[in-house]
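The structure appears right after this line, and notes come after that.
The values are calculated or read from the model by the stated rules, or taken from the named source; none is laboratory data. Keep in mind that what you see is a predicted model, and the values were worked out from it rather than measured. We place every Cβ from the backbone using ideal geometry, glycine too, and count neighbours over all the protein chains shown. Ligands, DNA and RNA are excluded from the accessible area calculation, which covers all protein heavy atoms including side chains. Shrake-Rupley method; radii C 1.70, N 1.55, O 1.52, S 1.80 Å.
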Amino acid sequence: MSPTVTSRVRAFEPLPDALRVLDQRLLPREEKWLTLRTVDEVADAIRTLCVRGAPLIGGVTAYGMWLAALRARDAGLPSLREAVARGRKQLAESRPTAVNLFYALSRADRALEGLRDDADAWVAALRACADEVVREDVAACQAMAQHGAALLPDEGGVLTHCNTGVLATCGIGSALGVVRAAVAMGKKLRVYADETRPLLQGARLTAWELMQDGIECTVLPDGAAAHLMWRGKIQAAVVGADRVAANGDVANKVGTYSVALACRQHQAPLWVVCPLSTLDPATVDGRGITIEERGAHEVTGALGGPSWAPDGVRVFNPAFDVTPADLVAGVVTETGVARPVNHASLAVLRRAAPSASRSG
């Protein structure tokens with residue numbers, strides 16, 4: 001039997017009347033927990049990258065809907081309805097690319113269907129919905145870890161990009177969960193973590209997570225990955241996803257497409273690991289995925305430091321890019337692996353899921 005994979009790291013904690021989250025903007029230098037009591041605070045935490053990672057955004061979004069109802073519970077039903085609708089709009093506008101956010105909102109909508117006009121019932125239903133979204137992702141992470149670990153080499157180098165661990169999910173991680181499971185199985189892997197410009201999620205978050213769990217890793221500049229492959233140091237790459245279109249095109253942290261091209265050149269498989277809630281059958285292909293563009297300050301200077309670019313220079317700062325399906329060796333989900341990656345193979349995985357977990 002494959003071992004159950006664990007981690008010392010935690011990213012959030014639901015409370016009876018609030019949500020505690022680890023402020024990822026301050027890692028690895030400071031571990032600061034914030035207590036979010038309103039949907040406004042939840043939306044701001046998502047928008048400012050205090051909370052990030054598609055599956056984690058989904059879970060936190062569901063708790064945001066619960067907090068919207070909780071704070072308005074005693075204001076009367078009309079005010080409660082208005083507060084929930086306003087909170088939903090705020091959350092929907094916080095990050096546009098991660099499909100898990102909208103999946104969580106849809107789950108919250110369904111939780112309220114047919115409920116009697118009772119404020120306590122609304123609050124209870126939304127809390128139960130959020131707890132269930134989290135439970136499902138925890139279980140999905142364990143299943144993905146086992147499916148994916150079998151795909152990694154028994155020994156060799158594995159490249160990661162961005163952060164796909166506990167800090168990005170409600171469980172042990174998607175792609176980083178696979179790495180954890182492979183190490184727990186006894187595979188002798190050397191983990192190489194792209195620093196992931198411009199916000200350095202690989203250097204700040206992935207390296208910190210792995211070191212917390214005693215897994216050695218090497219951080220490298222994004223532009224060095226292809227060179228390491230050329231030197232024969234990397235045998236596979238494993239990444240997450242924020243949205244997978246119906247044809248298998250993958251939106252993930254910007255730089256993933258470059259990794260995929262290098263993998264193709266050097267015959268190293270690129271595995272994409274994500275829960276079924278990240279699959280988006282309503283979007284035909286990658287060109288239909290909205291790519292979030294962020295502020296120039298993320299590119300023109302160090303985090304929290306002075307600018308190193310000339311004043312007034314134009315900046316292009318997409319948070320994500322799209323990797324065509326034909327560059328992906330397989331998409332790993334909780335119900336199995338889609339390979340080759342195409343509309344038919346992804347549809348098979350979605351049909352294997354419980355109805356509540358299907359996206360779209």
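So the values come out like this:
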read-out: Answer residue from the range 323-339, given it is of a type in the set (A, V, I, L, M, F, W, C) and part of a strand (DSSP E or B) and is most open to solvent (accessible area, probe 1.4 Å) among those; value: Val337
read-out: Trp230 under 30 Å from Arg10 (Cβ atoms), in contact with a helix residue (DSSP H, G or I) (Cβ under 9 Å, 6 or more places away or on another chain), open to solvent by 10 Å² or more (accessible area, probe 1.4 Å) and not polar (S, T, N, Q); value: no
read-out: Selection status of Asp17, charged (D, E, K, R), closer than 23 Å to Arg107 by Cβ and in a loop (DSSP other than H, G, I, E, B); value: yes
read-out: Output for the range 233-252, where each listed residue is charged (D, E, K, R) and open to solvent by 40 Å² or more (accessible area, probe 1.4 Å); value: Lys233
read-out: Residues satisfying the stated conditions in the range 124-145, i.e. open to solvent by 50 Å² or more (accessible area, probe 1.4 Å), more than 15 Å from Leu77 (Cα to Cα), out of contact with any Cys (no Cβ under 9 Å at 6 or more places or on another chain) and of a type outside the set (Asp, Glu); value: Arg127, Ala128, Ala139
read-out: Filter result for Ala121 (part of a helix (DSSP H, G or I), under 30 Å from Leu77 (Cβ atoms) and not hydroxyl-bearing (Ser, Thr, Tyr)); value: yes
read-out: Only one of Ala193, Ala182, Ala203, Ala207 that is in a strand (DSSP E or B) and within 30 Å of Arg29 (Cβ to Cβ); value: Ala193
read-out: Whichever residue in the range 290-311 is in contact with a strand residue (DSSP E or B) (Cβ under 8 Å, 6 or more places away or on another chain) and open to solvent by less than 50 Å² (accessible area, probe 1.4 Å) and, among such residues, is nearest to Arg29 (Cα to Cα); value: Gly301
read-out: Of all residues in the range 20-46 being in a strand (DSSP E or B) and among the β-branched types (Val, Ile, Thr), the one that is most open to solvent (accessible area, probe 1.4 Å); value: Thr35
read-out: Counted residues, the range 253-289 - those being assigned to a loop (DSSP other than H, G, I, E, B) and surrounded by fewer than 13 Cβ atoms within 10 Å (Cβ to Cβ); value: 2
read-out: Hits in the range 51-60 (condition: assigned to a loop (DSSP other than H, G, I, E, B) and either open to solvent by 70 Å² or more (accessible area, probe 1.4 Å) or touching a Leu at 6+ places or on another chain (Cβ under 7 Å) (or both)); value: Gly53
read-out: Residue selected from the range 147-163 under the condition assigned to a loop (DSSP other than H, G, I, E, B) and within 10 Å of Ala182 (Cα to Cα), by the criterion most open to solvent (accessible area, probe 1.4 Å); value: Asp154
read-out: Filtered residue count, the range 210-224, keeping only those that are part of a loop (DSSP other than H, G, I, E, B) and open to solvent by 30 Å² or more (accessible area, probe 1.4 Å); value: 4
read-out: Test set (1) of a type in the set (D, E, K, R); (2) assigned to a loop (DSSP other than H, G, I, E, B); (3) at pLDDT below 95 - Arg314 fails condition number; value: (3)
